[in-house]
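Below is one structure, written out as structure tokens; the observations come after it.
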Amino acid sequence: MDSHLDRLAKVHGISLTRPSPDNVEVPITDTAKRKVLAALGVTGESAHRPVKKQSKAIPKSYLPDVLETERVWGISLQLYELRSRRNWGIGDFGDLVGMIWLAQSLRAGFVGLNPLHAPFLADPDRCSPYEPSNRQMLNPLYIAVDKVAGFRSRPELERQIQALRQTDLVDYIRVADTKLAVLRELWQSLHASASGLTNREVFEDFIQERGESLRRHALFETLSAFMCSRGQGAGWKSWPAEFQKLDSVEVEAFAEEHADTMRFHMWLQWLAHLQLSEAAAVARDAGLRIGLYLDLAVGEAMDGSATWSERDAYIADATVGSPPDPFATEGQDWHLAAFHPAAIASGEEAPYRRMVTAAMRYAGAVRIDHAAALRRLFLVPLESAPDGGAYVNYPQDELLRILAEASAEFRCLVIGEDLGMLPDGLQDDLAEARILSYRILSYERDDDGFKPADAYPRLSLACISTHDHQTLAGWWRGADIKARAEHGIVPPDVSQMHVEERQHERQDLKVALEEAGREPPGRLPPRTASDDKVKDLVVSAHRFIAKTRSMLAAVRLADTTGEKRPTNIPGTTDRYPNWKPKLSVSMEELKGLPLLRDIAEAMRKERSRTRPCAFP
């Protein structure tokens with residue numbers, strides 16, 4: 001090993017080891033150190049050195065007063081997965097309002113959603129909400145076009161929409177083509193008359209307020225569509241060199257020539273803002289104690305609007321990933337761009353502050369995906385395998401301060417997805433910062449089996465499963481193990497080990513539920529049990545998380561509808577239609593579902609048992 005290289009790596013926050021699938025620390029190679037240093041822009045000892053951690057009190061994020069005396073529950077879902085009689089083949093902000101009223105009727109306190117960040121409109125099949133083009137902007141595909149002023153339907157359009165509603169997977173390409181075509185017609189017709197665009201002054205104020213970030217995003221969307229029409233890709237890395245730089249003469253000329261199209265994309269952002277703001281207001285008026293709970297992705301696409309618009313804020317030559325672990329033995333490369341640790345919190349309008357503000361302005365709660373990123377990220381140099389990456393430190397103190405200030409400004413609580421391999425002490429720091437821990441039932445185990453409900457920390461959100469998991473019924477049947485094996489994510493011997501472990505996990509879960517419910521032992525449902533026979537188990541599991549000390553508990557909508565297809569199978573990329581499956585039932589049918597009613601009743605009953613407690 002090169003001692004000089006080691007010193008340089010440590011100075012710039014690069015860990016010299018990483019964990020293996022056996023949870024043993026292995027050294028980072030000199031090659032990996034050099035590549036990560038190069039990605040950080042380090043060329044020698046004289047290069048910029050990160051600010052060292054300050055030893056001072058950790059700032060506290062906002063918590064609503066209601067959580068001092070109440071334990072709140074809510075419903076989580078993927079907005080796009082909703083079926084309804086009025087949407088255009090993808091759940092939209094109109095459906096969100098319907099879900100808010102459903103939550104209110106069930107006496108739930110929040111509606112949790114997937115990230116609503118802007119995708120690549122010119123390449124809509126790049127549909128992962130966790131690999132967006134820009135986290136500061138919204139997804140225009142969620143606009144309820146039928147709610148836009150001036151919209152008028154016609155028979156041919158209705159036939160197209162009806163066909164989109166009937167698909168089992170969201171057809172993002174046809175959805176985008178249909179919605180954007182109608183919205184362009186509306187935009188053109190609104191400008192045909194001086195009085196066409198209502199609230200014109202409000203629209204202009206929106207453009208002024210969002211400033212250069214909005215203009216650059218609109219320019220990117222315009223360029224992206226233009227390049228696609230000429231056989232280039234939607235992402236800027238495939239464009240001719242003169243268009244890859246925001247400040248080039250060619251880009252400036254393009255912006256002047258396509259000013260109207262840029263304003264159209266600004267208008268789309270305004271429409272999305274208006275409709276999401278309306279949904280947030282409906283949640284407040286309906287009495288939801290938390291309101292909307294929005295998810296924040298850990299990074300953005302390497303070739304999207306954000307990295308094109310603010311090149312200096314991002315690391316260009318490495319992507320975010322994770323080291324090898326038991327469920328991904330080769331490690332993972334998430335192909336996400338990371339903020340540069342020296343830029344993420346710098347300046348009055350720091351990139352991280354703008355990113356969290358973009359969600360908090362609409363939300364009563366935000367969930368930070370991969371909360372470990374507050375302290376470190378695993379960076380994989382371009383053209384390296386994940387096991388050639390290394391952990392790099394981030395300015396945790398500054399990021400926690402930004403979260404505390406923004407959460408106080410917007411009265412928005414913060415949840416940190418603190419799963420996986422976490423740095424020592426991070427969960428303690430998050431608790432001190434009053435950031436809720438994220439506790440998934442199947443992960444809450446120790447050597448004695450599943451942890452009892454009272455073992456869950458009060459400062460947490462408890463749930464059964466998330467978008468990266470099977471439903472509880474699917475977990476019980478081992479569908480997650482089968483999927484990982486079928487897609488070659490883990491080798492056969494590891495898969496067989498997981499099958500054997502699941503047998504013990506099922507028995508342990510049964511014991512935990514019986515002890516929590518003080519019920520006599522019952523017969524264990526077989527692994528191949530029908531939905532009807534697994535129903536009692538699903539309700540009991542939700543009753544269990546409702547009993548926990550956790551301030552918040554989330555019911556995943558897919559668990560209440562018994563979905564067989566997972567939302568996402570991590571590590572499959574194009575081998576599974578990730579982020580496309582719709583729910584098997586429509587919104588209009590949800591309220592009448594016996595399983596949803598039973599789960600809601602269990603949540604209401606257990607969550608209403610008062611456990612007064614002051615904030616830490």
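Bear in mind these aren't lab numbers, they're just calculated from the coordinates by the rules spelled out. Please read all numbers here as calculations on a predicted model, not as lab measurements. Backbone-built Cβ (ideal geometry, glycine too); neighbour counts: all protein chains shown.
Compute the length gained on full extension between Lys147 and Lys605: take 0.36 nm times their separation in residues and subtract their Cα-Cα distance, giving the result in nm to one decimal. Before the final figure, lay out the partial values.
Working: separation 458, 0.36 × 458 = 164.88 nm, distance 3.70 nm.
Result for the pair: 161.2 nm of gain on full extension.
Give me the net charge for the shell around Arg83: Cβ to Cβ below 11 angstrom, other residues only, Lys and Arg +1, Asp and Glu -1.
-1
Mind jotting down the distance between the C-alpha centroids of segment 523-560 and segment 354-407, whole Å?
Distance between centres, Cα-based: 31 Å.
Where does each of 480-487, 321-328 land if you order them by average Cβ count within 10 Å, highest first?
Numbers: 480-487: 17.6, 321-328: 19.5.
Put in order of decreasing packing, that is 321-328, 480-487.
Express in nm, to one decimal, how much length is gained between Asp532 and Asp22 on full extension, taking 0.36 nm for each residue of separation and deducting their alpha carbon distance.
On the way: separation 510, 0.36 × 510 = 183.60 nm, distance 3.87 nm.
Residue separation times 0.36 nm, minus the Cα-Cα distance, leaves 179.7 nm.
Tell me which residues come under 5 Å, amide H to amide H, from His340 once H is placed; ignore anything under 5 positions away on its chain.
HN-HN under 5 Å from His340: Tyr314, Ile315.
Quick one: of Lys535/Lys605; Lys510/Lys605; Lys533/Lys591; Lys10/Lys237, which pairs are farther than 25 Å apart, Cα to Cα? Let's see the in-between values first.
Values: Lys535/Lys605 18 Å; Lys510/Lys605 21 Å; Lys533/Lys591 21 Å; Lys10/Lys237 31 Å.
Lys10/Lys237, as the Cα separations exceed 25 Å there.
Give the peptides 6-12, 99-105 in descending order of average Cβ contacts within 10 Å, highest first. The partial results should precede the final answer.
Working: 6-12: 17.0, 99-105: 18.9.
Descending mean neighbour count gives 99-105, 6-12.
Could you pull out every residue, at least 5 positions away or on a different chain, whose amide H is within less than 5 Å of the one on Arg376? Hs are placed 1.01 Å off N in the peptide plane, and Pro or chain starts have none.
Here Tyr394 satisfy the definition.
Give me a comma-separated list of calculated 3J(HN,Hα) values for segment 487-502, in order, Karplus coefficients 6.51, -1.76, 1.60 applied at θ = phi - 60°, integers in Hz, x for any Gly or Pro.
Once rounded to whole Hz, the list reads 9, x, 6, 10, x, x, 5, 5, 4, 5, 5, 5, 4, 5, 5, 5.
Under a crude label model (7 Å from the Cα following the beta-carbon direction), how far is Glu212 from Thr329 in nanometres?
So the two model labels end up 5.0 nm from each other.
Note down the relative contact order for segment 131-280 as a percent, whole number, built from C-alpha pairs under 8 angstrom at least six residues apart. Each step should come with its number before you reach the end.
Values: 86 pairs, mean separation 47.2, N = 150.
Answer for segment 131-280 is 31 percent.
Under 22 Å between alpha carbons, and skipping anything fewer than 8 positions from Lys179 in its own chain: which lysines qualify?
Correct list for Lys179: Lys147, Lys580, Lys582.
Scan around Ser460 for amide H atoms under 5 Å from its own, H built in the peptide plane at 1.01 Å from N, and keep only partners 5 or more places away or cross-chain.
Residues meeting the amide H criterion: Ser437, Met551, Leu552.
If I stretch the segment between Leu422 and Arg154 completely, what's the gain in nm (0.36 nm per residue apart, minus their alpha carbon distance), one decimal? Can you show the working numbers first?
Details: separation 268, 0.36 × 268 = 96.48 nm, distance 5.43 nm.
In short, 91.0 nm is gained.
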